[in-house]
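The values are calculated or read from the model by the stated rules, or taken from the named source; none is laboratory data. A quick note: this is a predicted structure, and the numbers were derived from the prediction, not measured. Quick reminder, even Gly has a Cβ in these numbers, built from the backbone with ideal geometry, and neighbours come from all protein chains shown.
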Amino acid sequence: MPEPPVELPPGRIVHVPGRGEFFVRDSGGQGPPILLLHGWMFQSDLNWFRIYAPLIDAGYRVLAIDHRGHGRGLRTPAPFRLTDCAADAAALIERLGCGPLTVVGYSMGGPIAQLMTRDHPDTVRALVLCATAPDWTERHMRRLWRSMAALRLALNLFPTSAWRGVLRAAGLKDSPTTTWIAAELSRGSSRDIAEAGRELGRFDSRPWVAALDAPAAVVVTAHDRSVPPRKQRELAGLLGARRFEDAGDHDAVVAHGPRFAAILLEALAAVSQETAARAA
């Protein structure tokens, strides 16, 4: 496999009895732990590779899990379900003994973080939700998720070449970094990735998200063409969460890594302060 463009935190397989084996990045250290939950199609390294170092340098213990069917994530014959991803993450934190902690969810990681907070509240101290929404039911979003069957077929037939074509279509020229990205994307299960898209199209937390009892912040990608910024701001309103804005599209976490990392650190500081105030 091609080498990553930056040094990544140590990775290992963690066996969670009753659930299976999970790939986790873990920087170690004694700092406040945070769990990074990646977006759809992009496993932890592809979602967060520009963010790992700034968070570690800021003193955090950074953990990241690959969700089912993504990257090195769990392979199972069961259909992909966001609730299972949330249960996986919670079980991993319990196994590692590092909870409750702050959970950072990006895009699809946002619904997983919301479900983790609802269903496994003892593992979550605070929430930071980025480039995500309380529901994914708008017409143009539904069209995207319904196209997943064609994506599944293309990836089954031509996994690496399909991803290289997607990257070129996005305007990314061939380079060692895009070669690494394409190779990493080819690790995923096309079946699970397709079903994950459909799962997002079914997700709607609006009936219950306001009842979540955890300090929260929302990072809005203000020029996002995949998750409408007004839906991201709606999520902040429902949670009563402090809002931070990045002037980027849905790929801001990678395309503008240093800028996004600085905003994310502000959001993490805000939920940390709120957590301390609640404990006082």
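A few notes on this one:
- Subset of the range 219-232 (residues that are farther than 23 Å from Trp208 by Cβ, in a loop (DSSP other than H, G, I, E, B) and touching a residue at least 60 places away in the same chain (Cβ under 8 Å)): Asp224, Ser226
- Any chance Val254 is farther than 27 Å from Phe23 by Cβ and touching a residue at least 24 places away in the same chain (Cβ under 8 Å): no
- Residue that is modelled with the highest pLDDT [pool: residues in the range 170-207 that are among the hydrophobic types (A, V, I, L, M, F, W, C), part of a loop (DSSP other than H, G, I, E, B) and surrounded by 13 or more Cβ atoms within 10 Å (Cβ to Cβ)]: Phe203
- Answer residue from the range 240-271, given it is part of a helix (DSSP H, G or I) and of a type outside the set (A, V, I, L, M) and is surrounded by the most Cβ atoms within 10 Å (Cβ to Cβ) among those: Phe260
- Qualifying residue in the range 210-217 (condition: of a type in the set (Gly, Ala, Ser), at pLDDT below 95 and part of a helix (DSSP H, G or I)): no
- Any chance Leu235 is in a helix (DSSP H, G or I), among the hydrophobic types (A, V, I, L, M, F, W, C) and more than 26 Å from Ala276 (Cβ to Cβ): no
- Every pair of residues 6+ apart whose Cβ atoms lie under 8 Å, when the first sits in the range 5-19 and is acidic (Asp, Glu) and part of a loop (DSSP other than H, G, I, E, B) while the second is surrounded by 10 or more Cβ atoms within 10 Å (Cβ to Cβ) and modelled with pLDDT of 95 or more: Glu7/Ala53
Let's see how each residue does on (1) charged (D, E, K, R); (2) over 27 Å from Thr275 (Cα atoms); (3) in contact (Cβ under 8 Å) with a residue 12 or more places away in the chain:
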{"position": "Val24", "(1), (2), (3)": "no, no, yes"}
{"position": "Phe42", "(1), (2), (3)": "no, yes, yes"}
{"position": "Ala64", "(1), (2), (3)": "no, no, yes"}
{"position": "Gly97", "(1), (2), (3)": "no, no, no"}
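- Residues that are among the hydroxyl-bearing types (Ser, Thr, Tyr) and under 19 Å from Val124 (Cβ atoms) within the range 203-237 comprise just one, Ser205.
- Number of the exception - Pro77 against (1) without any contact (Cβ under 8 Å) to a residue 12 or more places away in the chain; (2) touching a helix residue (DSSP H, G or I) at 6+ places or on another chain (Cβ under 8 Å): (2)
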